[in-house]
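One structure is given below, encoded as structure tokens.
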Amino acid sequence: MNCQALEYVKVSIAFFFLTYFSILDLRTRSVPSRLMWLFLAVSLILMAASIPNYATYSASEAVFYAVINASLGPMLLYALFKARLIGDADVVIISSLTLLHPLPNIYDCVLINISAPLKFPPILPIILYANLMVILYLPVNIVVNLVKYREFYKSIKASLWKKAMLLAESRPVEAGKYLSMKHRYLLEDYKLTDGMLVREVKLSFNILEDYTTHRDVVEKLLNEGFLKPRDLVLTTYGIPFIVLLLFSYTVFLIIGDALMLILLLRLFH
């Protein structure tokens, strides 16, 4: 099997797993462990099969890509997992993509492949494009919050910086309606002090928690009369990161690292 044919096999395998995992992520925010470890095992086997095709790279080039891949892929994602900002499936899936495309051979399959002296490790633009999709959403969310919920955010007792972050990542919803929402997490902690409800905003939530536990908190406060159905509670949507990876992988196969090269050129000129 020649180099390009093997790369197309890798792309097909990646698309199959990412598509199926995205469907599961949208429905349940959960990927069966046996399937994500199967993806990792298949990726490892395909990487081993690709070793003869990597003979054109010098030892220094191979070490360079190995270090960058390890730092940007498994290690970075594992750090985010330990901080409870992403799930374990995200770590394994990113690691699998890193193993599938450890060296720039995949650029031979990219639709728009800009010639450059040094190509970026494939995992770098893939992760970048996934995060750009989130960044593009933030200004839209800020505008909606400023138009519809300006007074609510004014009433929050927090620093200006914290309010700005909340404008970008959160969305107030009525407590009564929140009980019927899926995959929305509270960005508030509630405490009862001297029979009064004290609310404290926060910028993140534990991704490993089930969103239904957050709904239970609000339901309990509603039943006890500390919240009314029309009262606004601060929430954020649990973004299905695997879905973003599927889109970013698709974008990468169309434009490769072209966007990154353009950004660098603008930065240094």
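The values are calculated or read from the model by the stated rules, or taken from the named source; none is laboratory data. Remember, it's a predicted structure, so these values are computed and weren't measured experimentally. Here the Cβ is made from the backbone with ideal geometry for all residues, glycine too, and neighbour counts use every protein chain on show. In case anyone asks, the SASA skips ligands and DNA or RNA and just uses the protein heavy atoms, side chains included. Shrake-Rupley method; radii C 1.70, N 1.55, O 1.52, S 1.80 Å.
Considering only Met36, Met196, Met165, the mean-square fluctuation computed in a Gaussian network model of the chain, springs between alpha carbons under 10 angstrom, is largest for Met196.
One equal scatterer on each Cα of segment 1-68, no solvent, Debye formula: the resulting log10 I(q)/I(0) at q = 0.13, 0.20, 0.29 Å⁻¹ is -0.50, -0.91, -1.22. Think of it as helices only: each DSSP H run of n ≥ 4 in the chain is worth -39500 (n - 2.57), and spread over all residues that comes to -19000 deg cm²/dmol at 222 nm. Computed extension length for Leu6-Thr19: 2.7 nm, one decimal, from 0.36 nm per residue of separation with the Cα-Cα distance subtracted. Per residue, the chain exposes 55 Å² of accessible surface when a 1.4 Å probe is rolled over the protein heavy atoms with every protein chain present. Which angle between 0 and 90 degrees, to the nearest 10, do you get for helix 59-70 versus the longest principal axis of the chain when only C-alpha atoms count? Around 20 degrees separate the two axes. Where does segment 126-176 land on Rg(C-alpha)/(2.2 N^0.38 Å)? Its radius of gyration relative to the 2.2 N^0.38 Å reference: 1.29. So what J values fall out for segment 87-103 if you push phi through Karplus, 6.51 cos²θ - 1.76 cosθ + 1.60 with θ = phi - 60°, rounded to Hz, Gly and Pro as x? In residue order, the calculated couplings are x, 5, 4, 4, 5, 5, 5, 4, 4, 5, 5, 5, 5, 5, 10, x, 10 Hz. Using only the C-alpha atoms, the convex hull of segment 113-212 corresponds to 173 Å³ per residue. When the Kirkwood radius is taken over all Cα pairs of segment 147-269, what Stokes-Einstein diffusion coefficient follows at 37 °C and 0.692 mPa s, in µm²/s? For these conditions, the coefficient is 193 µm²/s.
Normalised by 2.2 N^0.38 Å, where N counts its residues, the alpha-carbon radius of gyration of segment 178-238 equals 1.08. Compute a Gaussian network model of the chain, connecting alpha carbons closer than 10 Å, and tell me which residue from Phe120, Phe15, Phe64 fluctuates the most. Of Phe120, Phe15, Phe64, the most mobile in the Gaussian network model is Phe64. With each label modelled as a point 7 angstrom along the Cα→C-beta vector, the Val143-Glu174 pair spans 2.6 nm. Ordering Val217, Val9, Ser33 by the projection of their Cα atoms onto the charge dipole of the chain, which places +1 on the Cβ of Lys and Arg and -1 on the Cβ of Asp and Glu, puts Val217 at the extreme positive end. From the Kirkwood radius over Cα pairs of segment 213-255, Stokes-Einstein at 37 °C and 0.692 mPa s returns a whole-number translational diffusion coefficient of 244 µm²/s.
Note on the chain: Rg/Rh from Cα positions, Kirkwood definition for Rh, rounded to two decimals, is 1.06.
Label points 7 Å out from Cα along the Cβ direction at Ala49 and Leu263: separation in nm? Calculated label separation equals 3.3 nm. With N counted as the residues of segment 29-180, its alpha-carbon radius of gyration over 2.2 N^0.38 Å works out to 1.40. If you run the Gaussian network model on the chain, springs between alpha carbon atoms under 10 Å, then out of Glu174, Glu61, Glu188 the most flexible one is Glu61.
Charged side chains reduced to their Cβ positions (Lys and Arg at +1, Asp and Glu at -1) give the chain a dipole of some 740 debye around its Cα centre.
Shown for the chain: the carbon plus sulfur share of the solvent-accessible area, taken with all protein chains present and a 1.4 angstrom probe, equals 67%.
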